[in-house]
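K.L.:
Submitted below is the structure of interest, expressed as structure tokens.
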């Protein structure tokens, strides 16, 4: 008999009692559908001038280790990785961790080296089919649908542009109908705009929230996502969406890898204002030790550690006990940095509270810091920024990964 999945138990408890303390934690190991060769991350043996990336085999071994650790609720993978680990190896049969696969790869996550796809408004596309995720072949029989994963991530990006946004929601509608017929569950990822140009919303958090509510308003319970995965756009936006409909469970995406403080502080803040799920990809993948990092995410998520700074200090202490040299000094790792939450590569930089400079404008802002230098932690003055500058500031938080 398959093990009871903690995701199912927690979802049921959260829906029955929104005040319960359950929190769902996921590791997002689906980056091969975005970054290609760089997806597994840099090898611990890489040199400053000779970066070596992990192999796919090494990447998958980390997935095995993180699942066996037992602290996660979901492991998100590409369909090809899920086929190996879920269908062929049966990694999840005796685990409470739920396997999931990325069910679409819209163009805004095509972050290949030298590519410019994410500079254009997102267009819908999906490589994986539901049947391939569920049973590893084109057509599954009803009895074969439990062979693989029955949960997938579907992502949508709204850019406030009618043609591209309409195409995205139409594609999502077709996916929902197929998923409902085949008994395939999903959670919905809604990215912040990646290329809104002169149509950028004045209130980014409200625009995303309204887009989600409008999109799901006509979707009945059988077709609805288990939960949402969105960028953390601040306390007001999170509290607004989380309080709108208690049957809609809100989760956050980790975003680009910054300092360890960034990860723990973001999780604690989002949880405080209503998030009940967190999916961390690059933050886990870029950690000095993934198991130790996940352990501290779990402690923060469950309220065992309530202060982000204390969590960072504990993390460094654990690394020291294992004889692992941290990437940054404790002081540097306690520093908040600006990060971004979409896959766009056309970014603009904001320094010291000054307005953002559009990516296509002449370079008049301060030069970017040298590689490895900490980004400025000062927040910009949003009241003096145009809608385009606000979105550009959000996109600029990806510089630490994609520069």
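K.L.:
Tell me which residues, restricted to segment 68-96, are in a loop (DSSP other than H, G, I, E, B) and more than 18 Å from residue 147 (Cβ to Cβ).
P.N.:
70, 71, 72, 73, 96
K.L.:
For segment 203-215, how many residues are more than 19 Å from residue 24 (Cβ to Cβ) and touching a residue at least 24 places away in the same chain (Cβ under 8 Å)?
P.N.:
So the count comes out to 9.
K.L.:
Tally up the residues in segment 173-189 that are crowded, with 21+ Cβ neighbours inside 10 Å and over 17 Å from residue 132 (Cα atoms), please.
P.N.:
3
K.L.:
For residue 26, indicate whether it is in contact with a helix residue (DSSP H, G or I) (Cβ under 9 Å, 6 or more places away or on another chain), over 27 Å from residue 274 (Cβ atoms), buried (at least 21 other Cβ atoms within 10 Å of the Cβ) and modelled with pLDDT of 95 or more.
P.N.:
no
K.L.:
Sticking with this structure for a sec: Find all pairs meeting these conditions: Cβ atoms under 9 angstrom apart; at least six residues apart or on different chains; first residue within segment 69-91 and on the phi > 0 side of the Ramachandran plot and modelled with pLDDT of 95 or more; second residue outside any helix (DSSP H, G or I) and surrounded by fewer than 22 Cβ atoms within 10 Å (Cβ to Cβ).
P.N.:
Short answer, once both residue conditions are applied: 70/95; 70/96.
K.L.:
Restricting to segment 4-20, what's the tally of residues that are loosely packed, with under 12 Cβ neighbours inside 10 Å and not in a helix (DSSP H, G or I)?
P.N.:
Total meeting the criteria: 3.
K.L.:
What is the number of the single condition among (1) crowded, with 16+ Cβ neighbours inside 10 Å; (2) farther than 17 Å from residue 157 by Cβ that residue 220 does not meet?
P.N.:
(1)
K.L.:
Determine which single condition residue 152 fails, assuming it passes every other condition in (1) assigned to a strand (DSSP E or B); (2) free of Cβ contacts under 8 Å to residues at least 12 places away in the same chain.
P.N.:
Residue 152 satisfies all of (1) assigned to a strand (DSSP E or B); (2) free of Cβ contacts under 8 Å to residues at least 12 places away in the same chain except (2).
K.L.:
Just name the residue that is surrounded by the most Cβ atoms within 10 Å (Cβ to Cβ) out of those in segment 83-134 that are over 18 Å from the mean Cα position of the chain (by Cα) and under 14 Å from residue 179 (Cα atoms).
P.N.:
133
The values are calculated or read from the model by the stated rules, or taken from the named source; none is laboratory data. Keep in mind the model is a prediction, meaning the values are calculated, not measured. With ideal geometry, Cβ positions are generated from the backbone for all residues, glycine too; neighbour counts draw on all protein chains shown.
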